[in-house]
Amino acid sequence: MAENVWDSKIECMPLKELKDLQLKRLKKMVDYVFRNNRFYRDRLKEAKISSDNIRSLKDIEKIPFITKQDLRGFYPFGLVCTEIDDIVEVHASSGTTGKPVVGPYTKNDVELWAEVMARSLWANGLRKHDIMQNAYGYGLFTGAHGFEKGAQKIGAVVITISSGNTKRQITIMKDFGTTALVCTPSYSMYMAETAEFMGLNPLKDFNLKIGCFGAEAWSEEMRSNVEKRWGIIAHEHYGLTEIIGPGIVSECKYKKLHINADHFLPEVINPDTGETLSPGEEGELVFTTLTKEAFPALRFRTRDLAIYYEEECECGRTLPIQSRIKGRSDDMMKVKGVIVFPSQIESALMQVKDLSDNYQIIKTKKGEITSLSVEVEPTENRWKEGRIEELEKQAEEEIFTILNLHIPVKILEPKSIPRSIGKAVRVLDR
């Protein structure tokens, strides 16, 4: 067991002991934010909540939610609970739809981040002898930095190459003997495509064994394609700038997503009513940080839809499990009365043998009516064969099988859809 688990004391802790620890830390956190931040103090006073009111974990429901809009409203440091002098590192979200969410870290926060990332990467199979190519973009985004900290704590070699310059990525991967690749899943497929363009075989000319992917939604069918293309085991990571970055949730060797719930208390709620749901019910994920210093979050609404489970895993971990993210509540589209998530369309497209992994969903709205269409590339060989209408019809039938909805599909020439070195843009609003 010790070989498979980074910290068996925590990761294999009986559930009752874990919940006792969560309750102790939650009470402490409520006291902490009340003393150190005016916004939280006002919120808690208004709700008539103090740590004395928190007698069980269910009492967390008395605490108001916090949203991304709240965080942006206090940009940049309005929710910090320490002195500015205690902050040693700052990250931020992209801010593409408004002010970015700023994530400050104390020295203890940085150490916590390295610890949960080491725990996560160890569960993926990363070890000291590995060479990890970090192809997430370095900058304010948390991704690259979290993976670097965790891998270095394990003792693995980190190639700090960042994203982009894809031909150089491939050369470095081959020359350095990279064994683990971390990036977005869509970029890993673009890298495989580039390797083939350079005359290399992703299955034979590299030493890759592990892929650690996150930062964008991807279907099981996409995971299967990544694994087949590179000959690796592909693991998912889930994180949020608002909570800590990557390191909140990651997979064990059985591909179960374990929540580091000793530091991040999970809930699942009805996204419409805010009502707390029971384990096994699908709803919106909510997280509370239990040990963060600079930038704690009480009941942060993620808008991500998933299911929470409390069951022991085959790997021996007792940390609670969440399902893969079905989608974001704000990514959900209603077309002719049918609820549609981009991941469902991706799943359908991946069923069609002669389609590539490059696609875009085109969303158009006329008045109150939303309609969708799909643009997708075929493989090079299939494009040369012609009879493209047959392939379009096949793709439309697969989508209909999943959604019971007719969505037109247009086949485009290979390499005509823009590639992404970061998060792939899957939905275009026209």
(Q) Could you go through segment 115-137 and let me know if any residue there is at pLDDT below 95 and surrounded by fewer than 20 Cβ atoms within 10 Å (Cβ to Cβ). (A) yes
Of the listed residues (Thr179, Thr184, Thr273, Thr241), the one being free of Cβ contacts under 8 Å to residues at least 40 places away in the same chain and among the polar types (S, T, N, Q) is Thr273
Counted residues in segment 321-373 being β-branched (Val, Ile, Thr) and free of Cβ contacts under 8 Å to residues at least 24 places away in the same chain come to 2
For strands (runs of 3 or more DSSP E) lying entirely in segment 214-272, having 3 or more residues that are buried (at least 22 other Cβ atoms within 10 Å of the Cβ), within 11 Å of the chain's Cα centre (by Cα) and of a type outside the set (Phe, Trp, Tyr) picks out 233-240, 245-251
Inset, instruction - Could you tell me whether any residue of segment 196-218 is closer than 22 Å to Asp7 by Cβ and free of Cβ contacts under 8 Å to residues at least 24 places away in the same chain? - result: no
Over segment 316-330, the set of residues part of a loop (DSSP other than H, G, I, E, B) and either among the aromatic types (Phe, Trp, Tyr) or at positive phi (or both) is Gly316
How many residues of segment 273-298 are surrounded by fewer than 19 Cβ atoms within 10 Å (Cβ to Cβ) and either assigned to a loop (DSSP other than H, G, I, E, B) or outside the structural domain of Asp86 (by TED's automatic domain parsing) (or both)? The answer is 9
Per the list (1) in a loop (DSSP other than H, G, I, E, B); (2) over 18 Å from Ile54 (Cα atoms); (3) of a type in the set (Ser, Thr, Tyr), residue check on Thr302 breaks on (1)
Practice item. Using the structure shown, decide if Ser50 is touching a helix residue (DSSP H, G or I) at 6+ places or on another chain (Cβ under 9 Å), more than 13 Å from Pro296 (Cα to Cα), in contact (Cβ under 8 Å) with a residue 24 or more places away in the chain and exposed (fewer than 15 other Cβ atoms within 10 Å of the Cβ). Key: no
If we keep only residues of segment 184-213 that are of a type in the set (Asp, Glu) and not in a loop (DSSP other than H, G, I, E, B), then the residue surrounded by the most Cβ atoms within 10 Å (Cβ to Cβ) is Glu193
Those residues of segment 85-136 that are of a type in the set (S, T, N, Q) and farther than 30 Å from Tyr254 by Cβ come to a total of 6
Tell me, please, whether a residue that is modelled with pLDDT of 95 or more, of a type in the set (S, T, N, Q) and not in a loop (DSSP other than H, G, I, E, B) can be found in segment 331-353.
no
(request) Would you check if there is a residue in segment 65-82 being polar (S, T, N, Q), in contact (Cβ under 8 Å) with a residue 24 or more places away in the chain and in contact with a strand residue (DSSP E or B) (Cβ under 9 Å, 6 or more places away or on another chain)? (result) yes
Only one of (1) assigned to a strand (DSSP E or B); (2) over 23 Å from Val5 (Cα atoms); (3) at pLDDT 95 or above does not apply to Tyr308, and that is (2)
When restricted to Lys393, Lys363, Lys415, the only residue in contact with a strand residue (DSSP E or B) (Cβ under 9 Å, 6 or more places away or on another chain), assigned to a strand (DSSP E or B) and of a type outside the set (Gly, Ala, Ser) is Lys363
>> Being buried (at least 16 other Cβ atoms within 10 Å of the Cβ), acidic (Asp, Glu) and touching a residue at least 40 places away in the same chain (Cβ under 8 Å): is that true of Glu398 here?
In response: yes
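The values are calculated or read from the model by the stated rules, or taken from the named source; none is laboratory data. Everything numeric in this text was worked out from a predicted model, so none of it was measured. All Cβ positions, even for glycine, are placed from backbone atoms using ideal geometry, and neighbour counts span all protein chains on display.
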